[in-house]
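Student: What follows is a structure written as structure tokens; I'll ask about it next.
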Amino acid sequence: MARLALVPHVGLPLLIAAALAAAPAHLPAQTPAPAGPQEAPPQEAGVVGLFLDSASLQPTVVLRGKRDRRSFGMAIGAAEATGIVYPLENRVPPRPLTHDLFLTLFGRLKVVVTRVVITDLKDGIYYATVFLDAGGKEMQLDARPSDAIALAVRAKVPVLVEDRVFDKSELLPGPHPAPRI
């Protein structure tokens, strides 16, 4: 795997801390709202694989529902793939990755990641929400699914997937590259 030069962002932790402190107790997700009457709750999914798509040469993460065993793959970037594979293989990077930095910051601010939900697939783009607990107040953050999965795997919290994501993913034509996150 190619080495990437790290650029220090001294102001990033301060910016994140200020945003969390100023955020209302509940931030509405930027993802589409559930449609229709009484949808089934999202099902927990496991990360069952991470591979390089031979046609597109794009890293792809595969999720499988624990309730109905359906699975789908999402194309992700190389950095996001690294962020997911390290904790899956119980490896520790020589320096903290971005997701490690976020979890460290959350911990110091007494904020806990409780779950992530892959909420939708729209126009070839997947959407996710990261759920946080800040002193008993729930907060929701819009996120790319690859980042949400990387946080969930590190924090050892559930990755949930809305049924509509499984439904829409099954409609994707193959063998073309999977939709980007």
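Student: For segment 40-92, build the convex hull from the C-alpha positions and give me its volume per residue in Å³.
Tutor: Dividing the Cα hull volume of segment 40-92 by its residues yields 96 Å³.
Student: Here's something else I'd like to know. Let me know the charge dipole size of segment 62-181 about its Cα centre in debye, to the nearest 20, where only the beta-carbon of Lys, Arg (+1) and Asp, Glu (-1) is charged.
Tutor: Computed charge dipole of segment 62-181: roughly 360 debye.
Student: I'd like the accessible area for T98, computed on protein heavy atoms only with a 1.4 Å probe and all protein chains in place. Round to 10 Å², please.
Tutor: Surface accessible to solvent at T98 totals approximately 80 Å².
Student: Long-range amide H contacts for F72: which residues qualify at under 5 Å (H placed 1.01 Å from N, peptide plane, sequence gap of 5 or more or a different chain)?
Tutor: L63
Student: I'd like the Karplus ³J(HN,Hα) series for segment 82-99: coefficients 6.51, -1.76, 1.60, θ = phi - 60°, whole numbers in Hz, and an x wherever there's a Gly or Pro.
Tutor: With the stated coefficients, segment 82-99 comes to 4, x, 8, 6, 4, x, 5, 9, 6, 9, 10, x, x, 10, x, 7, 3, 5 Hz.
Student: I would also like to ask the following. On the protein heavy atoms, probe 1.4 angstrom, tell me the percent of accessible surface of segment 49-181 carried by carbon and sulfur.
Tutor: After summing per-atom areas, the C and S share lands at 56 percent.
Student: Another question about this same structure. Short version: ³J(HN,Hα) in whole Hz for each residue of segment 158-167, in order, from phi by Karplus 6.51 cos²θ - 1.76 cosθ + 1.60 (θ = phi - 60°), x for Gly and Pro, what are they?
Tutor: Those phi angles translate into x, 9, 10, 9, 5, 4, 4, 5, 4, 4 Hz.
Student: Hey, with R₀ at 45 Å, roughly what FRET efficiency would L105 and Q38 work out to, going by the Cβ-Cβ distance, to 0.05?
Tutor: Rounded to the nearest 0.05, the efficiency is 0.75.
The values are calculated or read from the model by the stated rules, or taken from the named source; none is laboratory data. A quick note: this is a predicted structure, and the numbers were derived from the prediction, not measured. For neighbour counting, all protein chains shown are included, and Cβ atoms are generated from backbone atoms with ideal geometry for every residue, glycine included. Just the protein is used for accessible areas: all its heavy atoms, side chains included, with ligands, DNA and RNA removed. Shrake-Rupley method; radii C 1.70, N 1.55, O 1.52, S 1.80 Å.
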